[in-house]
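What follows is calculated from the coordinates using simple rules that are stated; it is not laboratory data. These numbers come from a predicted model, not from an experiment.
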Amino acid sequence: MDYAKALSEFGGDAETLWEVIDVFKADLPDQLADMRASVSARDAEATRRAAHKLRGAASNLTAVSLSEAAAALEERAASGIIDEMDTNLALIERRIRDLVDFLDGMSPTDRRR
């Protein structure tokens, strides 16, 4: 995540940015559960929708690596290529852990910059 860019896109309003981040983080467990279920069921359309939603949310936060991973799953699902969706999902899960670790590691001072 490019925190400085995200903050800039929120007009320098760190409070609003963190409200959005908190909602994003709170939604992640349900989003991941939906994505895991749709991948497990080999439901390409449900997987595409879930990946699209995550891609958009990640893009709003300038979390490029997560957005790109979600876009790859979205494209694979949209193409009906279900065989490797597990691999895409595993990458998304790693990117989410990295992002959450980054955000949780930010000090209060860093959050205002």
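General observations
- Value of D in µm² per second that Stokes-Einstein yields for the chain, Kirkwood Rh from Cα pairs, at 10 °C (1.306 mPa s): 111
- Among A46, A33, A77: highest mean-square fluctuation, GNM of the chain, C-alpha pairs under 10 Å: A33
- Taking A90, A50, A71 as the candidate residues, the one with maximal mean-square fluctuation in a Gaussian network model of the chain, Cα springs under 10 Å, is A90.
- Length gained on full extension, D34 to D101: 21.9 nm, using 0.36 nm per residue less the C-alpha separation.
- Length gained on full extension, D13 to D110, computed as 0.36 nm times the residue gap minus the Cα-Cα distance: 33.6 nm.
- Over segment 1-63 - Rg/Rh using Cα atoms and the Kirkwood inverse-distance radius: 1.09
- Rounded tilt (10° steps) of 64-78 against the dominant C-alpha axis of the chain: 20
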